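Notes to accompany the following structure.
The values are calculated or read from the model by the stated rules, or taken from the named source; none is laboratory data. For clarity, every value in this text was computed on a predicted model and none was experimentally measured. Glycine also receives a Cβ, built like all others from the backbone with ideal geometry; neighbour counts cover every protein chain displayed. The accessibility values were calculated without ligands, DNA or RNA, using every heavy atom of the protein model including side chains. Shrake-Rupley method; radii C 1.70, N 1.55, O 1.52, S 1.80 Å.
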Amino acid sequence: MLTNPLFDASYARLFGSDVTIDESSDGFFETFYRHFLQAPDIHELFRETDMKRQVVMLRKSFFQLAAFYVTSSPSAELERIGFIHHRLGVTSDHFDRWLDALVATVTEEDPLCDEATELAWRWAMTPGITYLKLFNYYQKHSGS
């Protein structure tokens, strides 16, 4: 199994060493949305969204992506997230920009973040993002 010590260390600085991510991390996810919503088309997708509720949902979704990194196996919850994003019309481009916003947030929030740490985050999150992209692709092309 490959290890990603830069991601692990950054993750611990941002969220602590507990397995779960609790509401004390909501500031991180609020910063994420500040980055993600800069694009007008993304901002429009969230126009009528309760952002406090959305931050809670993002925290839970993010945990599922981190779990996918650790286990290399999608959970039922990650599959449910895939269905939701498919129904909402989320595209591969949206997922790519989501990852860019996440890395921008890590850069801002982790005082020790450098280029290698940014790459480590991309490496850790890419499997889950790719799973969601493929899930979306198969749903779209299977007629669901």
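Points worth noting:
- With respect to the conditions (1) under 19 Å from residue 38 (Cβ atoms); (2) in a helix (DSSP H, G or I), residue 78 lacks only one, and its number is (1).
- Single match in 66, 101, 76 (criterion: at pLDDT below 90 and of a type in the set (A, V, I, L, M, F, W, C)): 66
- For segment 28-78, filtering for residues that are over 15 Å from the mean Cα position of the chain (by Cα) and within 17 Å of residue 106 (Cβ to Cβ) leaves 1.
- Close pairs (8 angstrom Cβ cut-off, 6 or more residues apart or separate chains): surrounded by fewer than 16 Cβ atoms within 10 Å (Cβ to Cβ) in segment 106-135, basic (Lys, Arg) and modelled with pLDDT under 95 anywhere: 111/13; 112/13
- Residue 22 passes every criterion in (1) at pLDDT below 90; (2) over 28 Å from residue 116 (Cα atoms); (3) of a type in the set (Asp, Glu) apart from (2).
- Screening residue 68 with (1) closer than 15 Å to residue 37 by Cα; (2) touching a Pro at 6+ places or on another chain (Cβ under 7 Å); (3) of a type in the set (A, V, I, L, M, F, W, C) gives one miss only, at (1).
- So residue 101, is it crowded, with 17+ Cβ neighbours inside 10 Å, under 22 Å from residue 34 (Cβ atoms) and among the small types (Gly, Ala, Ser): yes
- Qualifying positions in segment 73-98 - loosely packed, with under 12 Cβ neighbours inside 10 Å and among the small types (Gly, Ala, Ser): 73, 76, 89
- Qualifying residues in segment 12-66 (those that are open to solvent by 70 Å² or more (accessible area, probe 1.4 Å), touching a Leu at 6+ places or on another chain (Cβ under 8 Å) and in contact (Cβ under 8 Å) with a residue 40 or more places away in the chain) - the one farthest from residue 79 (Cα to Cα): 13
- Residues satisfying the criterion are absent from segment 81-96 (criterion: outside any helix (DSSP H, G or I) and under 17 Å from residue 11 (Cβ atoms)).
Yes/no matrix, rows are residues, columns are (1) β-branched (Val, Ile, Thr); (2) more than 18 Å from residue 25 (Cβ to Cβ):
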{"position": "41", "(1), (2)": "no, yes"}
{"position": "52", "(1), (2)": "no, no"}
{"position": "64", "(1), (2)": "no, no"}
{"position": "85", "(1), (2)": "no, yes"}
{"position": "103", "(1), (2)": "yes, no"}
{"position": "108", "(1), (2)": "no, no"}
{"position": "120", "(1), (2)": "no, yes"}
{"position": "132", "(1), (2)": "no, yes"}
{"position": "139", "(1), (2)": "no, yes"}
